[in-house]
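A quick write-up on the structure given underneath.
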C-alpha cells in the first residue's frame, strides 16, 4: 500500500510587500530519488521548477574590514582622504575610540572596502606604510561574501523566483532556532515594524509552547519577494541575507543610494563573517588571503537542499498510511512558508516531542511487562530526510572557485 499521489506538489505565491503586487508563482514538482542511501529509500523530493541555466552566477567579496595599526597618530579623515585620492571614492574609516571620540587622533583604525580590488588594496597599504608606518601588517577583521544570480532575461518575476528558491532551500549548519534573535525574518524597510519572523515563537513562552509553534503551521509567515530574508542575530559572528538586489552603494543614515539598471539587478545570497566564525576559515593577515579556500565555503555556508516526502514508502495498514499522508501535508505547509530551515525545525521539534513521550511511557510499559519497539535510526543525522540540491550547489561552488582565482591573481606581482 503506497501513497504516491497523496499530496500534490505545492505552488508558492510571490508577493511584493512594498507595492502589494502579486508577481506570479514558484511551482514545484515531485521527483523520484535514485539515491541508494537507506534513509531515502522510497522517498520523493520537492524540487522547484526553475532552469538555473537561465541565470548567470558570480561570487564577489561584497566588503572587507581591515584593521591597521599605525606608527603615529592621526585623525580618520586624513587617512580617509589619502585612500580616496588613490581609488577615487570614499571609504568608511573608524578609529578604536568609539563614536563619542570619532574625530580624535588614534593609531588604530578599521577600514571598510566595498567590493575591494585586491591590487588596489595592496597599493593602499603600501602608501599607508610609507606615510604613517605600520606597527603590524594589515589584519582582516570582517568579510562579507556574496553569490549573485543575474537573470539572462532581466525581469522582476525572474529575480523573485530565484530569490525564493535561495530562501526556501538554504540549510545552515548552525543552531539558529534556540535563540529567537537568530531566527529567519523578512525585513523590508527602515521602520521597526517593517519585518516579520518566518517562524512563530516567543522567548517568554514555555519550552513546550514554543515546540508546538514550530510544529504548527498557521502562525508562520512566508517571506516577501522584495524583502530581505535575514538569518542570525545582528551581533552574531555569522549572518546570512537573501535579497532582490535593486540598489547599490546604499547609505541608510544619509538616505542615499544608487538605483541599479535592470540588467544589473540580481538575486543575492550573502554571508557575513566576523569574530570566531572568521578566524575558523580565514587567515589573520591580509596578505595571506590567498590561503582562504573559497570553494570550501559552499559546503560550510552556502549549502542548499531539497526536502523529501514519504513518497513510495509502503505501509502495511491504512491507518499508518493515513498518518504518513497527514504528516507530509503538514511538512509541505511548513516548507511553503518557512523553507528548509523551518521544516528542519519542525522535524527536530517532532523528534524531541516523541523522545519526551517515549521517556514518559517507559515506566508504564515496564510495569505492564511490555517493551517499546526499537527506535528507528534512519534519517536522524544532520541532514535528516533532506537531499542535496546538486545543481544549485554546483552553481555556487563554481562561482566561489572563480572568486578564489580572482583573489589569487590580485596578489600576483
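Expressed as a rounded percentage, what relative contact order does the chain have, with Cα pairs under 8 Å and six or more residues apart? Contact order relative to length: 22 percent. Which one, [x] 27.0; [y] 22.1; [z] 23.9, gives Kirkwood radius over Cα pairs in Å as derived from the coordinates shown? Calculated Kirkwood radius over Cα pairs in Å: the matching label is [z]. By the helix-only formula, in which each DSSP H run with n ≥ 4 contributes -39500 (n - 2.57) and the sum is divided by residues, the chain has a 222 nm mean residue ellipticity of -11000 deg cm²/dmol.
If you average the C-alpha positions of the range 75-111 and of the range 6-57 separately, how far apart do those two centres end up, in angstrom? Answer, in whole Å: 47. Oblate is the label for the range 171-212, because the ratio a/c of its alpha-carbon gyration tensor axes (a ≥ b ≥ c) is 1.5 or higher and a/b is not greater than b/c. Shape analysis of the range 60-142 based on the Cα gyration tensor places the equivalent ellipsoid semi-axes at 19, 14, 12 Å, largest first. Classify the range 185-307: rounded, prolate or oblate, from the alpha-carbon gyration tensor (a ≥ b ≥ c, eigenvalue square roots; a/c under 1.5 rounded; otherwise prolate if a/b is larger than b/c)? In terms of gyration-tensor shape, oblate. Dividing the mean sequence gap of close Cα pairs (under 8 Å, 6+ apart) by how many residues the range 60-142 holds gives a relative contact order of 48 percent. For the pair the range 256-301 / the range 137-210, the C-alpha centres are spaced 16 Å from each other. Axis angle, to the nearest 10 degrees, between helix 318-367 and the longest C-alpha principal axis of the chain: 60 degrees. Compute the angle between helix 156-169 and the longest alpha-carbon principal axis of the chain, please, reported from 0 to 90 degrees and rounded to the nearest 10. Between the helix axis and the principal axis of the chain, the angle is about 70 degrees. What shape does the range 11-65 have by the C-alpha gyration tensor, where a ≥ b ≥ c are the square roots of the eigenvalues, rounded means a/c under 1.5, and otherwise prolate means a/b greater than b/c and oblate the rest? Oblate, because a/c is 1.5 or more while a/b does not exceed b/c. Taking the Cα atoms only, what angle lies between the long axis of helix 390-410 and the longest principal axis of the chain, rounded to 10 degrees? Result, in degrees: 10.
Only the coordinates and a few stated rules stand behind these numbers; no lab work does. The shown structure was predicted, so the numbers you read here are calculated from the model rather than taken from an experiment.
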